[in-house]
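Written out below as structure tokens is the structure these notes cover.
The values are calculated or read from the model by the stated rules, or taken from the named source; none is laboratory data. These numbers come from a predicted model, not from an experiment. Cβ placement follows ideal geometry from the backbone for every residue including glycine, while neighbour counts extend to all protein chains displayed. The protein model used for the area step is the full one, side chains on, heavy atoms only, and it has no ligands, DNA or RNA in it. Shrake-Rupley method; radii C 1.70, N 1.55, O 1.52, S 1.80 Å.
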Amino acid sequence: MDIIQFANNMNQLFKTSSRKYYLTAAPQCPYPDANLGNLLSQSHVDMAFIQFYNSGWCDNSKYGLPHWPESMNYYMWDAAWHNSSFANSDIRLYVGSTAGSGAGNPSSYVSPDFFANELQGLQKDYPDSFGGAMTWDMSWAYGQTPNYAASAKQAMMAGSKCSSSR
């Protein structure tokens, strides 16, 4: 069974349950993702936790640089959202970051303050598609001072509310 068939089967099972289930995916930041692009375009996925780390050219460490839109490519994911390129037109896009220098490629790591600034900027600039933050991994997100996860949450709480135009 391939991943698309698996996802479609899971979605069918979800419909028969009295409980609410969500199907999520964690694509790499180059859009479209080589491994999960077809899944996102052909199956109902509720949330995409995009890994803007460990990929070099589109790491979130590129956010805010003069050549930013071409490198940290959230805008491409947002454009796909607006162009209905995803099977689920209401999919929410989450910005992934390593939560510590040892949680992934050290060159992908950004400080809690940098990530907070990035989240607030993306939340403001892309309110329709922006879903929130994802950190890798939770032992790093909660196990250091300042608390990376709390910093991200605080930044998003201070920012504008996420909305959907659909």
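For the chain, the solvent-accessible area of protein heavy atoms averages 51 Å² per residue (probe radius 1.4 Å; ligands and nucleic acids excluded). A viscosity of 1.306 mPa s and a temperature of 10 °C, combined with the Kirkwood radius over Cα pairs in Stokes-Einstein, give a translational diffusion coefficient for the range 1-148 of 100 µm²/s.
Close amide-amide hydrogen proximity is noted between Val110 and Thr98, each under 5 Å apart and 5 or more residues distant or on a separate chain (H modeled in the peptide plane; Pro and chain starts excluded).
On the chain, 54 percent of the accessible area sits on carbon and sulfur atoms, based on a 1.4 Å probe. Each of the peptides 146-153, 5-12 was scored by the mean count of other Cβ atoms within 10 Å over its residues; in descending order, highest first, they stand as 146-153, 5-12.
Relative to the longest principal axis of the Cα atoms of the chain, the long axis of helix 148-158 makes an angle of roughly 80 degrees. For the chain, adding -39500 (n - 2.57) for each run of n ≥ 4 DSSP H residues and dividing by the number of residues yields -10500 deg cm²/dmol at 222 nm.
If I build a Gaussian network model for the chain, linking alpha-carbon pairs within less than 10 angstrom, which residue out of Gly102, Gly131, Gly64 has the largest mean-square fluctuation? Result: Gly102 has the largest fluctuation of those listed.
Under 5 Å from the amide H of Thr135 lie the amide H atoms of Ser97, each residue being 5 or more positions distant or on a separate chain, with H modelled from the backbone and absent for Pro and chain starts. When the Kirkwood radius is taken over all Cα pairs of the range 85-131, what Stokes-Einstein diffusion coefficient follows at 25 °C and 0.890 mPa s, in µm²/s? The calculation lands on 203 µm²/s. Across Phe130, Phe49, Phe14, mean-square fluctuation computed from a Gaussian network of the chain (C-alpha pairs under 10 Å connected) peaks at Phe14. Residue order by solvent-accessible surface for Trp77, Trp57 is Trp57, Trp77, largest first, with ligands and nucleic acids left out and a 1.4 Å probe.
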